[in-house]
Amino acid sequence: MPLYVYECKDCGLFDAWQEMRSASDTCACPDCGSASERQLAMPSLSTMNGSLRAALARSEKSSSEPRVASRSHLANCGCRLCSGFGKPAPTARRWMIGH
């Protein structure tokens, strides 16, 4: 059920939950009980700065469309990404493996 804004001529504005089919009907004021007309209200849209909007769009895109690597690495190419792969685990201090 949506929340509508009504205006009582004596008491002022108040909010009331109404079914959509009865949105055009009047609503009784909670204070005095007189019939009140529904007011047109702007939707409450949240505004955010541009950098936050861009970050949210980036994270939303990356969650459904992962980035595809366009470069393939050759064996023993020496780059930072490949230098750590393929090394055997140190056996001198076995209690430190995985820390």
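Amide H to amide H, which residues 5 or more places from Gln18 or on other chains are under 5 Å from it, using H placed in the peptide plane?
Tyr4
For Cys8, which sequence-distant residues (separation of 5 or more, or a different chain) have an amide H within less than 5 Å of its own amide H, given hydrogens modelled in the peptide plane?
Leu13, Phe14
State, to one decimal in nm, how far the label point of Ala35 lies from the label point of Phe14, with both points 7 Å from Cα in the Cβ direction.
1.6 nm
Between beta-carbons, use under 14 Å as the cut-off and find the net charge around Ala28, counting Lys and Arg +1, Asp and Glu -1.
Working: positive: Lys9, Arg38; negative: Glu7, Asp10, Asp15, Asp25, Asp31, Glu37.
Taking every other residue near Ala28 into account, the sum is -4.
Between Ser24 and Lys61, what is the label-point separation in nm under the 7 Å Cα-to-beta-carbon projection?
Using points 7 Å along Cα→Cβ, the separation is 4.4 nm.
Coordinate-derived values only; no laboratory data. Not measured: the values here are computed from a predicted model. Heads up, the Cβs are rebuilt from the backbone with ideal geometry, glycines too, and the neighbour counts pull from every protein chain shown.
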